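Please read the structure below before turning to the comments.
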Amino acid sequence: MDAIDQLDHIAITVKAHRLLRQLLKENPRLEEILRNSKNEIEAHVGIREWVIEELRERPQALAYYEGRSSGREAFEVLSWSDYAAVRLLDYIDHAGREFVDLNLRGEVAVSTPVRQLWLAVNQGTGGAKPDFFDDMLQLLRQFAGRATVRTPTRDEVESWMDRYPSGLDPRIVALRQENRERILHLIIDRMDRGELQSRRFAFDPGMSRADKLARALEWWADPTFHLRMAVRSPQLLNEMLGNSLDPDTMRVLQRAQDAGIPFFVNPYYLSLLHVRVPYFAIGADLAIRHYVVYSQQLVEEFGQIRAWEKEDLVRPGRPNAAGWMLPPYDNVHRRYPDVSILIPDTTGRACGGLCSSCQRMFDFQRGSLNFDLQALEPRESWPRKLGELMRYFEEDSQIRDILITGGDALMSSDAALARILDAVYGMAAAKRAANAARERKYAEIQRVRLGTRLPAYLPQRITPEMADILARFREKAAEVGIRQFVIQTHFESPMEVTPEARDAVQRLLSAGWMVTNQLVFTAGASRRGHTTKLREVLNEVGVLPYYTFVVKGYRENSFNYAPVARVVQEELEEKRIGRVPERFYDEVRELPTRADTMLRQVSTLRGRACVPFLATDRSVLNLPAVGKSLTFRVIGITRYGRRILEFDHDRTRAHSPIIDRMGKVIVIESKSIGEYLRQLAEMGEDPAEYEGLYGYSMGQTEPRLPLYELPEYDFDVTDELTNFQLPPDDDEQVLDTADPVA
Ligand code: SF4
């Protein structure tokens with residue numbers, strides 16, 4: 001008997017029995033099927049007949065289920081109970097499939113929901129947990145039309161948004177000033193005791209306390225001060241937070257340090273956290289707090305974390321998991337034909353802080369990203385290597401969009417940043433010149449992006465000198481065909497949009513760079529109204545939302561994970577109120593071309609379209625394979641109630657040819673819907689406000705807005721792929737992206 005069969009003998013709990021009894025009471029037909037079936041196979045047949053019978057009246061749902069219709073339009077005509085019917089049929093079709101579950105360090109997960117019900121009804125066993133039965137109960141209610149969904153009104157959404165003040169609220173600004181002084185006093189104390197020494201940041205002999213504070217307040221505007229004084233231990237973190245962390249949290253943080261997880265919280269970012277929580281901002285800083293305070297699951301998994309995006313692993317002489325041949329270093333990542341990521345060997349391999357649910361935690365685990373700022377200074381060999389990397393882009397037939405990131409692109413010094421941008425300019429110019437002699441033209445560079453979270457983590461780093469470097473690059477790069485200049489940032493909470501952040505964004509916009517935002521939809525950020533409020537506040541400072549990402553990762557990120565159902569609910573219920581009508585698309589398309597007037601443009605557009613914010617972002621999951629998508633169906637569920645989702649690639653954009661071989665992508669969620677709702681309740685939310693959440697069991701990727709499209713060339717680009725090689729069928733990395741074992 002294998003381990004999975006053994007679980008079938010485990011008796012279900014009293015709570016599970018109660019939920020089962022309710023399920024059967026509400027669904028006599030289901031009870032009849034389950035009691036009269038000799039085994040699960042007969043139960044499958046009975047349930048399938050029942051569902052198909054219902055679907056005869058709903059041909060659109062049957063067509064969607066059978067794959068005869070697909071896409072956004074087909075999805076939008078489905079009724080609420082259609083979702084449930086499709087899910088029931090998918091559960092039956094995929095019953096018995098086994099998957100490698102990286103949430104359980106590679107243990108096998110199996111989906112047998114009907115078997116679980118049959119065992120529970122006929123033998124009281126199966127070992128399924130209450131979260132499983134709860135999910136099934138909601139599914140059957142949805143199927144029978146007893147559970148409906150109600151789209152909230154704009155007023156309701158706005159009332160949820162009102163729960164969250166922004167960092168620009170004068171009351172919050174005053175609180176942060178209080179925090180700043182508290183932190184500076186602690187730093188002064190440590191300097192006086194000789195625990196902190198710096199030649200650059202030192203007091204003159206005989207200075208009074210007031211003089212010292214005045215001097216420290218001047219230092220506050222200097223980014224180097226924040227990097228130098230960043231907190232690197234849990235004890236100091238607690239001290240800086242007025243010893244407000246409880247003993248349990250401190251125990252987890254101590255274990256985090258022992259496990260080797262870096263701590264790096266700079267004083268500015270620390271000042272965004274409340275120590276004294278005022279009545280009007282209860283829970284407002286939670287999304288930030290959860291980024292700083294590591295979870296138990298992260299601590300337990302650190303050292304065992306598996307890379308989510310397999311194509312980020314470079315194997316010299318062999319294609320990556322997406323089929324791209326890359327330079328033999330870890331500086332270039334590539335998923336798509338037209339886009340490439342550049343990670344320089346500079347202090348850009350650090351960040352302004354460590355986000356607890358970082359997509360690159362795997363890189364922090366193996367040390368290729370870290371906070372050893374001195375050691376990250378570029379070596380003598382870097383200019384030569386940079387030249388080699390540029391040749392790769394120059395000689396590639398398809399790359400037209402370079403995303404310079406890290407870590408954080410703006411953590412590089414001004415000199416290092418200017419060097420990289422100069423190299424990109426030279427490469428773009430050379431690529432263009434070489435095209436003149438080519439019959440079959442290569443793609444020329446059209447877009448340069450800088451990935452940075454510093455506008456949120458350390459806005460002081462966006463200095464006039466840096467803005468000058470960016471403005472000068474923009475001016476000359478426009479002459480070699482580069483048309484879009486984008487700062488891709490990451491604000492997580494409206495509370496991160498402070499006066500300092502607003503000024504930083506304004507500097508970037510004045511330099512002619514558009515600023516877009518990528519939000520990670522953590523549990524804290526997923527509360528009703530939180531993300532919509534962030535979109536509104538971002539628009540108010542001239543930032544355009546770009547992506548809302550499902551949290552990536554496995555068990556290490558389960559604390560911060562918000563289920564995909566909630567992402568879809570947010571998209572369809574809350575983000576909806578900011579949807580830009582198509583008649584404004586021409587104006588939207590023009591936004592990137594005049595970044596310096598972005599604030600005015602965005603405000604005019606919001607007014608004309610009568611929307612509180614421009615919902616310019618797409619909600620997606622970065623697949624643990626290639627690309628982004630929110631086209632999925634829930635096809636299974638574990639006995640713990642964790643859902644198993646099958647994703648399709650986003651077919652509306654250019655992809656590596658490998659996706660045709662990969663087929664669909666399986667994702668097993670690290671948290672059940674029941675667990676998530678309990679977590680929301682812990683955060684003070686009313687789970688009743690999330691009614692309907694269970695029902696969002698499928699999605700279709702939103703269309704991309706025209707402002708994110710690359711301009712057309714006035715020539716045809718060759719189809720040739722210069723750096724592509726299809727990995728062999730048995731390539732372990734490609735296989736790893738598929739996950740199913742049966
Ligand atoms: S800024 Fe980005 S790369 Fe750096 S820790 Fe945060 S999520 Fe990770």
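Take region 354-374 and flag every residue that is open to solvent by 20 Å² or more (accessible area, probe 1.4 Å), under 18 Å from LEU458 (Cα atoms) and either touching a residue at least 12 places away in the same chain (Cβ under 8 Å) or polar (S, T, N, Q) (or both).
ASN370, ASP372, LEU373
Taking region 561-592 only, how many residues are open to solvent by less than 70 Å² (accessible area, probe 1.4 Å) and touching a residue at least 40 places away in the same chain (Cβ under 8 Å)?
Residues that pass the stated criteria total 22.
Which condition number in (1) under 16 Å from the mean Cα position of the chain (by Cα); (2) within 16 Å of the ligand (Cβ to nearest atom); (3) closer than 22 Å to GLY352 by Cβ is the one that VAL550 fails?
Single failed check for VAL550: (3).
Could you list all residues from region 229-252 that are assigned to a helix (DSSP H, G or I) and open to solvent by less than 70 Å² (accessible area, probe 1.4 Å)? Walk me through how you get there before you give the answer.
Initial filter on region 229-252 (assigned to a helix (DSSP H, G or I)): 234-240, 247-252.
Answer for region 229-252, where residues must be assigned to a helix (DSSP H, G or I) and open to solvent by less than 70 Å² (accessible area, probe 1.4 Å): PRO234, LEU236, LEU237, ASN238, GLU239, MET240, THR249, MET250, VAL252.
Find the residue count for region 345-374, including only residues that are touching a Leu at 6+ places or on another chain (Cβ under 6 Å) and away from the ligand (no atom under 11 Å from the Cβ).
1
Out of (1) touching a strand residue (DSSP E or B) at 6+ places or on another chain (Cβ under 9 Å); (2) open to solvent by 10 Å² or more (accessible area, probe 1.4 Å), the odd one out for ALA525 is which?
The failed condition is (2).
Exactly one of (1) closer than 22 Å to LEU236 by Cα; (2) open to solvent by 40 Å² or more (accessible area, probe 1.4 Å); (3) assigned to a loop (DSSP other than H, G, I, E, B) is unmet by GLY206. Its number?
Looking at each condition in turn, GLY206 falls short on (1).
Can you find a residue that is over 24 Å from ARG461 (Cβ atoms) and part of a helix (DSSP H, G or I) anywhere in region 163-170?
Looking for residues that are over 24 Å from ARG461 (Cβ atoms) and part of a helix (DSSP H, G or I), one finds at least one in region 163-170, hence yes.
Can you name the residue in region 490-510 that is β-branched (Val, Ile, Thr) and closer than 16 Å to ILE288 by Cβ and, of all such residues, is surrounded by the most Cβ atoms within 10 Å (Cβ to Cβ)?
Narrowing region 490-510 to residues β-branched (Val, Ile, Thr): 497-498, 505.
Filter once more, keeping what is closer than 16 Å to ILE288 by Cβ: 497-498.
On the way: VAL497: 28, THR498: 23.
Going through the qualifying residues, I end up with VAL497.
Which of the numbered conditions does PHE549 fail, given that it passes all the others? Conditions: (1) touching a residue at least 60 places away in the same chain (Cβ under 8 Å); (2) surrounded by fewer than 24 Cβ atoms within 10 Å (Cβ to Cβ); (3) part of a loop (DSSP other than H, G, I, E, B); (4) hydrophobic (A, V, I, L, M, F, W, C).
With (1) touching a residue at least 60 places away in the same chain (Cβ under 8 Å); (2) surrounded by fewer than 24 Cβ atoms within 10 Å (Cβ to Cβ); (3) part of a loop (DSSP other than H, G, I, E, B); (4) hydrophobic (A, V, I, L, M, F, W, C) applied to PHE549, the lone miss is (3).
Among the residues of region 333-344, how many are at pLDDT 95 or above and within 16 Å of the ligand (Cβ to nearest atom)?
Summing the residues that are at pLDDT 95 or above and within 16 Å of the ligand (Cβ to nearest atom) in region 333-344 gives 4.
Any chance region 262-269 includes a residue that's hydroxyl-bearing (Ser, Thr, Tyr), touching a helix residue (DSSP H, G or I) at 6+ places or on another chain (Cβ under 7 Å) and surrounded by 14 or more Cβ atoms within 10 Å (Cβ to Cβ)? Let's see the steps before the verdict.
First pass over region 262-269, keeping only residues hydroxyl-bearing (Ser, Thr, Tyr): 268-269.
Applying the additional criterion that residues be touching a helix residue (DSSP H, G or I) at 6+ places or on another chain (Cβ under 7 Å) yields 268-269.
Among the residues that remain, those that are also surrounded by 14 or more Cβ atoms within 10 Å (Cβ to Cβ) are: 268-269.
Checked region 262-269: at least one residue is hydroxyl-bearing (Ser, Thr, Tyr), touching a helix residue (DSSP H, G or I) at 6+ places or on another chain (Cβ under 7 Å) and surrounded by 14 or more Cβ atoms within 10 Å (Cβ to Cβ).
Contact list please: Cβ distance under 6 Å, first residue in region 326-347 and in contact (Cβ under 8 Å) with a residue 12 or more places away in the chain, second residue among the charged types (D, E, K, R) and open to solvent by 10 Å² or more (accessible area, probe 1.4 Å), pairs at least six apart or on different chains.
Matching pairs, first to second residue: HIS333/ASP312; ASP338/ARG400.
Sort through ARG306, ARG255, ARG276 and tell me the only one that's open to solvent by 10 Å² or more (accessible area, probe 1.4 Å), closer than 15 Å to GLU556 by Cβ, in a loop (DSSP other than H, G, I, E, B) and away from the ligand (no atom under 16 Å from the Cβ).
The conditions single out ARG306.
Please enumerate the residues belonging to region 380-436 that are within 16 Å of the ligand (Cβ to nearest atom), part of a helix (DSSP H, G or I) and open to solvent by 10 Å² or more (accessible area, probe 1.4 Å).
MET411
Of everything in region 448-502, what is within 13 Å of the ligand (Cβ to nearest atom), part of a loop (DSSP other than H, G, I, E, B) and closer than 15 Å to ASN517 by Cβ? Give them in sequence order.
THR452, ARG453, HIS490, PHE491, GLU492
Among the residues of region 610-619, is there at least one that is over 30 Å from PRO657 (Cβ atoms), of a type in the set (A, V, I, L, M, F, W, C), open to solvent by 10 Å² or more (accessible area, probe 1.4 Å) and without any contact (Cβ under 8 Å) to a residue 60 or more places away in the chain?
For region 610-619, residues over 30 Å from PRO657 (Cβ atoms), of a type in the set (A, V, I, L, M, F, W, C), open to solvent by 10 Å² or more (accessible area, probe 1.4 Å) and without any contact (Cβ under 8 Å) to a residue 60 or more places away in the chain: present.
The values are calculated or read from the model by the stated rules, or taken from the named source; none is laboratory data. Quantities reported herein were computed from a predicted structural model and do not represent experimental measurements. Positions of Cβ are generated from backbone atoms using ideal geometry, with glycine treated the same way; all protein chains shown enter the neighbour counts. Keep in mind that these areas ignore ligands, DNA and RNA; they rest on the heavy atoms of the full protein, side chains included. Shrake-Rupley method; radii C 1.70, N 1.55, O 1.52, S 1.80 Å.
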